[in-house]
Amino acid sequence: MPTPEQNYQQVINRLQQACDQAERAPQAVKLLAVSKTKPAAMVETIYRQGQRSFGENYLQDAQEKIDALQHLTDIEWHFIGPIQSNKTRPIATHFHWAETVCRDKIAQRLNDQRPADMPPLNVLLQINISGEDQKAGIQPDEVDQLAALIAQLPNLSLRGVMCIPENTQDGAALAQQFEAMQHLFQRLQQDYSSVDTLSMGMSSDMALAIAYGSTEVRIGTDIFGARS
């Protein structure tokens, strides 16, 4: 079996190939290594390969890793799971990014609970771009209202949008959703100078997402292996 280090290099190669095909510079797309359920030692292994940004879905698991890896002073933690009211304080205290903000109340709590000695928390709006009832996220027509709220909260920095598209093999449907996200992102960029991040694309659809302007892809299993 390939090692996590070998997996990581393969993902980097695929990302570079996708950027080449889309005629984009590789540095234009950030790799977020989704380290949920994986131990701190494995995160540090990938960190030693040059990776700095890690995504976590589960708060208690993430806090244990953040504590264990405090000596890695330039590591960047992204919270990418559902955000409930009782989770906002530890997210505001321990993370650099919150990628799944989709309610006014959550945005306000993250702002109010962000420690004064920390820089503003980077925030992405989660968009339910496929319109599926079971999916979290706001509808595209709700973006302007939530963006306007976040933009005036001093302890948050509005950085962009993210989505989890429909789980489908239909490339045309995925392309339609990614294109809609690209338009939303470009419109926000016109209104807010802080907006620079379009987070979409995972292992199976990374190349398509990059073709539609993704600036961050979220890759877990292809780096770390199946969930333990």
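The values are calculated or read from the model by the stated rules, or taken from the named source; none is laboratory data. Being a predicted model, the structure only gives us computed values, none of them experimental. Cβ atoms come from the backbone with ideal geometry, glycine included; neighbour counts cover every protein chain shown. Note: accessible area is taken over every heavy atom of the protein model, side chains too, but ligands, DNA and RNA are not part of it. Shrake-Rupley method; radii C 1.70, N 1.55, O 1.52, S 1.80 Å.
Okay, here's what the table says:
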item	result
Pairs with Cβ under 7 Å, 6+ apart, first in the stretch 109-122 and free of Cβ contacts under 8 Å to residues at least 24 places away in the same chain, second of a type outside the set (Asp, Glu)	Pro115/Thr93
Residue list for the stretch 139-176, filter: open to solvent by less than 20 Å² (accessible area, probe 1.4 Å) and within 18 Å of Ile80 (Cβ to Cβ)	Leu146, Ile150, Leu156, Leu158, Gly160, Val161, Met162, Cys163, Pro165
Inter-residue pairs, beta-carbon under 6 Å, first within 27 Å of Ala226 (Cβ to Cβ) and open to solvent by less than 50 Å² (accessible area, probe 1.4 Å) and in the stretch 15-42, second basic (Lys, Arg) and assigned to a helix (DSSP H, G or I), 6+ apart	Ala40/Lys65
Hey, Ala136 on the phi < 0 side of the Ramachandran plot and in contact with a Pro (Cβ under 7 Å, 6 or more places away or on another chain) or not	yes
Condition check for Ala136: in contact (Cβ under 8 Å) with a residue 12 or more places away in the chain, over 19 Å from Ala92 (Cα atoms), small (Gly, Ala, Ser) and open to solvent by 40 Å² or more (accessible area, probe 1.4 Å)	yes
Complete set of residues in the stretch 193-226 that are hydroxyl-bearing (Ser, Thr, Tyr) and surrounded by fewer than 17 Cβ atoms within 10 Å (Cβ to Cβ)	Ser193, Ser203, Ser204, Thr221
Top-ranked residue of the stretch 208-220 - restricted to ones that are in a helix (DSSP H, G or I) and touching a residue at least 60 places away in the same chain (Cβ under 8 Å), ranked as nearest to Glu5 (Cα to Cα)	Ile210
Subset of the stretch 167-195 (residues that are in contact with a strand residue (DSSP E or B) (Cβ under 6 Å, 6 or more places away or on another chain) and over 16 Å from Ile129 (Cα atoms))	Tyr192, Ser194, Val195
Condition met for Ala107 (in contact with a helix residue (DSSP H, G or I) (Cβ under 8 Å, 6 or more places away or on another chain), open to solvent by 40 Å² or more (accessible area, probe 1.4 Å) and assigned to a helix (DSSP H, G or I))	no
Boolean, Ala116 is assigned to a loop (DSSP other than H, G, I, E, B), in contact with a strand residue (DSSP E or B) (Cβ under 7 Å, 6 or more places away or on another chain) and open to solvent by 40 Å² or more (accessible area, probe 1.4 Å)	no
